[in-house]
Structures are given as structure tokens and as C-alpha cells.
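Right, one structure below, let's go through it.
Every number here is computed from the coordinates shown, using simple stated rules; none is lab data. Keep in mind that this is a model prediction, so the values were computed, not measured. Neighbour counts run over all protein chains shown; Cβ positions are idealised from the backbone, glycine included.
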Amino acid sequence: MSQLASLTSILRSALVGPRVMTHALKFDLGEEGAILIDGRKDPADVTNRDGDADCTVTVSSDNLVRLLRGDLNGISAMTSGKVRISGDMKVAMSLQALADRASSLLASPEAGLADLEHQDAAENVWTAMQKRPVDHDRPLPTPTRDIQELKKDFDAHGYCLIADALSPEQVAALKMRVTDQLDGEEEAGIGLKASMGDRRTSNLLVKGDIFQQVLLHPIANAILEHGLGDGFLISTVGVVQTVPGSLAQGLHIDQAYLGFPTPVPVVANCCWMLEDFTEANGATRMIPGSHLWDPDAVAARYEHIGTAGGGKGDNPLGTVPATGKAGTCMVFDGRVLHGTGKNLSADQTRTAIFTYYCRPWVRQFENPFLSIPDDVMMGLPLPIRESLGYKPWFLCGGYEIPGTPAPMDVVRPMNQVRRLEPGPVMRP
Ligand SMILES: O=C(O)CCC(=O)C(=O)O
Ligand SMILES: [Fe+2]
């Protein structure tokens, strides 16, 4: 919703109740439009018509918000030229009564502006819910860096492949760090071994600054925003390494835990290939287009996570391998059927980092406020901290409603919480 639309609706709500205005007052917001309050009617009519008024207040929409909140003094706003009033000044006097009503709707200084942003966020949800037209005749994805093509692949097939998402140097450094970590966890007896026999680890943000780079990739993030809308969260950052003889994972969808089908993706995953992905070494198996299948058809092919797929951990029938050179990134929709491929090779591994994301109102797999120590958290780049949960989205995720953003320089902003000590009368 635009700021004009938000303000219009706030003023309309503010005028419900006892009458505060008996004339017509217009806010001329310049290029942003106009708000005409016709107080001759009861209840007052609030529209964006640019009609005649007894009094016209020329002001920017930002300053109107400040004026109504009481952050901008009317007299000084007039002397500084932020507000100009023409016509009947007496009508302008009713502005105070209007501000008294509207200020509670605009709440506190941050919340006032945040409310407007929240309404934008709410609007984005519905925009994101609009199903996009899909080209069913589109050939299967091949690696590209063209964002429009990537989006089309993502929409049509449920996945797309970003070519050269990582440089050979980045791939080499990440692979070395990942392998050391997997070996170290195994030696320490804390290695996570999946039933398929592959090697896994997660919570990578505490296992090296080097992992931050994959979370700041502009092309991957553009596709994720296309799929999940703005404000998407990091859910987990992990590794899957197939080893010779490791089995195929059962076909599954990554958002299965939601428990119901969704018309748009609610989670999405990025697979950062640190080695060439081939059919032999266990490239991820995909069923292209299955993100758009009827839920019953998905359920019929769903083979659980683990080795249940095909019984013997063979690559499931009807799947294609998502192959690509080391450095390729596959972004896939949380509704597409897929699974780790079987490693048929005698001597190759297949290593990948998986960065997994969810819409901003979904619970993350790794709870960053439990899984990331404070000092590591404060050392993370701001955009990463925001997408770990520091940035509220709509009314979700602030430290007080309405979505109050946390100050960015502290881990737990307890000193910001408005605490009211119960006095004697409030005590039982
Ligand atoms: O290893 C892969 O190729 C896919 C892993 C995966 O789908 C998962 O763990 O959910
Ligand atoms: Fe998966």
C-alpha cells in the first residue's frame, strides 16, 4: 500500500466517532496526491479527490505523518515552510483534534512509520500470493546468469541453476573448510551421519566467517526474493557430502513439515556446488515441475526423508540429476520433489553447501538466538543478521508489537522493553 493510501485509511479511521470537523479540509501532498476530508458530511467523507476545500494544507506525506503524531509542531512547521496553509485558518485549527485521534493510530514515533511499512509488507504478501504464469514447454534449466531466465526456470521447473555463482578460488577455499569441519566432527565423534551414509553438518555460521559469502550473493538473493517475497529468513546453513556407496535419499519436498500444500513456495533452498555435480557422484535428483503438481500426486511420489525411496536407496524413477560445474548454485522451490542422488562412483565425493530459507513468518530450522553465540552474531554483516531474524516483518519478529525493530548494536535489547512495575494497587 502506498503511503498515501495508508494515510487516507488512517485518517478515515480517525474520523469515526464524535464529529471533529464541519468543513472541508484538503491535504495537498504534491506529486503524491491529495486527501480531501469533507467534514460537512457526518461521518466525514475521506477520499483522494482533488476537489474544492475551505482550507488547504500543503505538506509532504512524511511531514503529515510527523504532524499527526505530534513530532512536528504546527507553528514551527509553518514558519519553516514545511507546511503551508491557504483558505480558512479556522478550519486548520481542527487539525489538532484530528491529530489527537490519529496519533493513537500512528502509535509511537518508530511504530508510526513502521505501521506504514507494515502495510506495505502486508500488501507484498498478497502480491507474492499471485500465481505467476508458467511456461510448461520450457526446456529443462541449464546454468545461466540471466536473472529473467533464472526466474522463468524457477517458476516453470521449481529450480534454476546460477552459472559461476562462486569463483574457483571461493570453491577451493570453501571446500577445504567444509572438509576439515566434516573430518574434525567425525574424529571428535560428533559427526552427523545420515542413514544414507552421506556426511552432513549444519549451523555453518559459527564454523567460519568464510560461509557468509554465500548468504550475500546478489543473484541468488534476487531469485529467493522472487520465490519467497521480501524479508525471507535464513533457516539453516549446512553441508551434504555424498561419498562412494552412499545411497539416494527418499524423494521429499523441503516444506513437508508445514503439513499442507501451498499455492506458492514457503521455503526455498540453495545448493552451492563445491565439486562438479554428476550423475555418478550423486547430483541431487529432481522431478522438474512437481512443485505445481496436484497434492495427491506429490503424496503418491513422496518417499520420506531417508533411504525409504526405492527401498534400496537407488535413484528414484522419474527423476533427473541436477548436474553442474563446481561453483554452480541451484535455487529450488520448497515444493519440488527431490533428494540426494546415490553415489555410484568408486572414488568421488559430491560436496555442497545448502542454504535453506523460509518466508518471514515461518519458524527457522536453526534458531539463531540459540545456535549462534553473541560475539559471532555481532560480528556478522548486517544483512545476514537481518535475515537471521533481527529485521521485523509486518508485526512479526520485533521485540514488541507492532514489529518494533531491535537496535542493531546489541544482541538482546532488554533495556528497550517498556516494563511497568506493578504498584501497590496492582498487587493482589
Ligand atoms: O544432498 C542433496 O542433494 C539434497 C539434500 C536434501 O534435499 C535435503 O537434505 O533436504
Ligand atoms: Fe531436501
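Antiparallel versus total DSSP beta bridges in the chain: what percent is that, nearest 5?
Of all bridge pairs located within the chain, approximately 90 percent are antiparallel.
Given the pairs Lys175/Lys391; Lys41/Lys90; Lys152/Lys175; Lys151/Lys325; Lys152/Lys207; Lys151/Lys207, which span a C-alpha to C-alpha distance of over 28 angstrom in this model?
Lys175/Lys391; Lys152/Lys175; Lys152/Lys207; Lys151/Lys207
Could you tell me the relative contact order of the chain? Use alpha-carbon pairs under 8 Å, at least six residues apart, and round to a whole percent.
Working: 836 pairs, mean separation 66.7, N = 428.
Taking the mean separation of contacting Cα pairs over the length of the chain, I get 16 percent.
The range 195-210 to the range 381-406: how many Å between their Cα centroids?
26
With a point put 7 Å past each Cα toward its Cβ, work out how far Val16 is from Asp62 in nm, to one decimal.
If labels sit at Val16 and Asp62, their model points lie 3.1 nm apart.
What FRET efficiency would be calculated for the residue pair Gln213, His304, taking the C-beta separation as r and a Förster radius of 22 Å, to the nearest 0.05?
On the way: r = 33 Å, r/R0 = 1.52.
Approximately 0.05, to the nearest 0.05.
Can you work out the FRET efficiency for the pair Ile147 and Lys90, with r the C-beta to C-beta distance and R0 = 60 Å, to the nearest 0.05?
0.60
Diagonalise the Cα gyration tensor of the range 273-367 and give the resulting equivalent ellipsoid semi-axes, square root of 5 times each eigenvalue, largest first, whole Å.
Output for the range 273-367: semi-axes of 22, 19, 13 Å.
Suppose the chain between Asn203 and Phe260 were pulled fully straight at 0.36 nm per residue; how much longer would it get relative to their current alpha carbon spacing? All intermediate terms of the calculation are to be shown ahead of the outcome.
Working: separation 57, 0.36 × 57 = 20.52 nm, distance 2.69 nm.
Answer, rounded to one decimal: 17.8 nm.
When the helix-only estimate is applied to the chain (DSSP H runs of n ≥ 4, each -39,500 (n - 2.57), divided by the residue count), what is the mean residue ellipticity at 222 nm, nearest 500 deg cm²/dmol?
When only DSSP H runs of four or more count, the value is -9000 deg cm²/dmol.
Say each of Ser167 and Ala222 gets a label point 7 Å from the Cα, pointing the same way as Cα to Cβ; how far apart are those two points in nm?
Going from the Ser167 label point to the Ala222 one covers 2.0 nm.
Which order results if Met196, Met93 are arranged by neighbouring Cβ count within 10 Å, fewest first?
Met93, Met196
Show me 146-158, 70-82 ranked by packing, highest mean number of other Cβ atoms within 10 Å first.
146-158, 70-82
Could you line up Tyr399, Tyr390 from fewest to most neighbouring Cβ atoms inside 10 Å?
If I rank by nearby Cβ atoms, fewest first, I get Tyr399, Tyr390.
Using only Cα atoms, figure out Rg for the range 127-366 and give it as a multiple of 2.2 N^0.38 Å.
0.94
If I take R0 = 56 Å and measure r between the Cβ atoms of Arg40 and Trp361 in this structure, what FRET efficiency does the formula 1/(1 + (r/R0)^6) give, to the nearest 0.05?
Once rounded, the FRET efficiency stands at 0.85.
Order these by the 10 Å Cβ neighbour count, fewest first: Trp393, Trp272.
Numbers: Trp393 24, Trp272 28.
Neighbour counts put them in this order, fewest first: Trp393, Trp272.
Against the longest principal axis of the chain, how steep is helix 147-157, in degrees 0 to 90 to the nearest 10, with axes from Cα atoms?
For helix 147-157, the angle is close to 70 degrees.
By what distance, in whole Å, do the Cα atoms of the chain stretch along each of the three principal axes, largest value first?
Its Cα atoms span 88, 57, 47 Å along the three principal axes.
May I ask for the distance between the Cα centers of the range 337-369 and the range 134-186, given as a whole number of Å?
12
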